[in-house]
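Asker: Right, I'll just put the structure down here and ask away after.
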Amino acid sequence: MTQHVAPLPAPPIDSESAAALALQVVQPSPITADDIPAKRAEDAAAAELMVARIDELGLVRTDETVRTPDGAELTMSLVHRRDRIPTSPLIYYLHGGGMILGNRWSGADSFLEWIERYNAVVATLEYRLAPEHRYPIPQEDCYAGLCWLDEHAGRLGLNLDTALLAGISAGGGLAAAVALMARDRRGPRVGGQLLLAPMLDDRNDTVSTRQFPTGLWNATENELGWRSLLGPLYGTADVPAYASPARTTRFDGLPPVFIEAGSAEVFRDECVTYAAGIWAAGGQAELHVWSGAFHGFQMLEHTALARGERDAVRNWLDRALGFSGRG
């Protein structure tokens, strides 16, 4: 829960990134509840451009329907190269947006590279958003998507055993939740988790939260996202780990994970703590805390910091997917 106390001194933003950010963003924050409709409209417009780009690249894009236990029908899009092969890896991608924004094409720049580099099949789900759909709906949607992929793996020529769960920001938190749910429910097993600046802890009370009351996805916006998701549960001790993976008391039995965050963002400390929990349970976690990085720093692709992050993600994916330069 957000602590209404004085902010703490914060690590500085990388100088190259700060200069580039100043040129690109006029007033990024804060996002308020009143901004949600306009932001979603912007996301929808961006999605149209991304779909057009995917089509221009000549990629195969198919839409499937995932039915959830509560009777909803969600769109799952599968994207891959025309020359995909039987051993093409599956990456199940969950988009970001603080639980309140985004759509299945948000952040697609990342997975387009995975398709090109690894000849991967990417599955991206249109999960339902808060505050209209509070916990457990988004989490159950994402778990239903994994079960759907498992059920239809034969028809689609997919291998869940070597698949990766991937998510950015809120999607990273949802991917972590899906991994916990699959373990506890004896559901589909996957080969690994790629958690990019994941949103893991609803309590909003870490040192890094207090350090960033302003900026890109700050403590106030983080509280908005969690309040929107949790409703009356927010601020209580009753929030379950499937809603907020940082609350789990069991880190055993999880797939290997890559976790990253910036030193200059709210999510830093919860990511470090989550990786430490996996290590303490004897699990495999690779943690990167990028010095001077803010939330979403990867969008400044030309900076040395973003290039280093891209190389680290590629290196982990190369190892996770057994990539040796073959396309």
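The values are calculated or read from the model by the stated rules, or taken from the named source; none is laboratory data. None of the values given here were measured: they were computed from a predicted structure. Cβ: placed from backbone, ideal geometry, glycine included. Neighbour counts: every protein chain shown. Surface areas here come from the heavy atoms of the whole protein model, side chains and all, with no ligands, DNA or RNA. Shrake-Rupley method; radii C 1.70, N 1.55, O 1.52, S 1.80 Å.
Asker: What distance in nm separates the simple spin-label points at T65 and R53, each placed 7 Å from Cα in the Cβ direction?
Answerer: Label-label distance for T65 and R53, simple model: 3.0 nm.
Asker: Additional query: Based on the mean of other Cβ atoms within 10 Å per residue, sort peptides 192-198, 59-65, 293-299 so the most packed one is first.
Answerer: Details: 192-198: 27.3, 59-65: 12.9, 293-299: 22.6.
Peptide ranking by packing, descending: 192-198, 293-299, 59-65.
Asker: Something else now. May I ask for the Kirkwood hydrodynamic radius of the stretch 58-153, worked out over all distinct Cα pairs and given in angstroms to one decimal?
Answerer: On the way: mean 1/r = 0.0724 Å⁻¹.
About 13.8 Å, per the Kirkwood formula over Cα pairs.
Asker: Apply the Kirkwood formula to the stretch 215-255: the hydrodynamic radius equals the inverse of the mean of 1/r over all pairs of different alpha-carbon atoms; give it in Å with one decimal. Write down the numbers at each step before the final one.
Answerer: Details: mean 1/r = 0.0857 Å⁻¹.
Every distinct Cα pair counted, the radius reaches 11.7 Å.
Asker: Same structure again: According to the Cα gyration tensor, what semi-axes, each the square root of 5 times an eigenvalue, does the equivalent ellipsoid of the stretch 214-327 have, listed from largest to smallest in whole Å?
Answerer: Values: eigenvalues 150, 90, 27 Å².
Three semi-axes, in Å: 27, 21, 12.
Asker: Output the peptides 145-152, 285-292 sorted from most to least packed, where packing is the average of other Cβ atoms within 10 Å over each peptide's residues.
Answerer: Details: 145-152: 19.9, 285-292: 17.9.
So the peptides 145-152, 285-292, ranked by packing, come out 145-152, 285-292.
Asker: Convex hull over the Cα atoms of the stretch 144-258, averaged projected area in nm²?
Answerer: On the way: hull surface 31.8 nm².
Spelled out: convex hull of the Cα atoms, projected over all directions, averaged, 7.9 nm².
Asker: Please state the shape class of the stretch 91-195: rounded when a/c is under 1.5, otherwise prolate if a/b exceeds b/c and oblate if not, all from the C-alpha gyration tensor. Provide the component values of the computation, followed by the final result.
Answerer: Numbers: a/c = 1.78, a/b = 1.17, b/c = 1.53.
It comes out oblate by the Cα gyration axes.
Asker: Over all directions, average the projected area of the Cα convex hull of the chain and note it in nm². Could the numbers behind the result be given before it?
Answerer: Details: hull surface 64.1 nm².
For the chain, the mean projected area of the Cα convex hull comes to 16.0 nm².
Asker: On to the next question. Compute the distance in nm between two label points, each set 7 Å from the Cα along the Cα-to-Cβ direction, one at A46 and one at R155.
Answerer: Distance between the two pseudo-spin positions: 3.2 nm.
Asker: Continuing with the same structure: Once every DSSP H run of n ≥ 4 in the chain is given -39500 (n - 2.57) and the sum is divided by its residues, what mean residue ellipticity at 222 nm do you get, rounded to the nearest 500 deg cm²/dmol? If you can, show how the numbers build up before the last one.
Answerer: Details: 10 runs with 123 residues, N = 327.
The per-residue figure over the chain is -12000 deg cm²/dmol.
Asker: Which order do the peptides 97-105, 263-271 come out in when sorted by mean C-beta neighbours inside 10 angstrom, highest first? Show your work: numbers first, answer last.
Answerer: Working: 97-105: 23.4, 263-271: 25.9.
Top to bottom by mean Cβ count within 10 Å: 263-271, 97-105.
Asker: Further question on the same structure: Quick check on the stretch 191-273: what does the Kirkwood estimate of hydrodynamic radius come out to from the alpha carbon pairs, in Å?
Answerer: Values: mean 1/r = 0.0746 Å⁻¹.
Here the Kirkwood hydrodynamic radius works out to 13.4 Å.
Asker: Given a 1.4 Å probe and every protein chain left where it sits, what share in percent of the accessible area of the chain is carbon and sulfur? Display every interim value, and only then the final one.
Answerer: Numbers: 7390 of 13880 Å².
C and S atoms contribute 53 percent here.
Asker: Using a 1.4 angstrom probe, figure out how much accessible area the chain has per residue, in square angstrom, rounded to the nearest whole. Walk me through the numbers before you get to the answer.
Answerer: Values: 13880 Å² over 327 residues.
For the chain, the per-residue accessible area is 42 Å².
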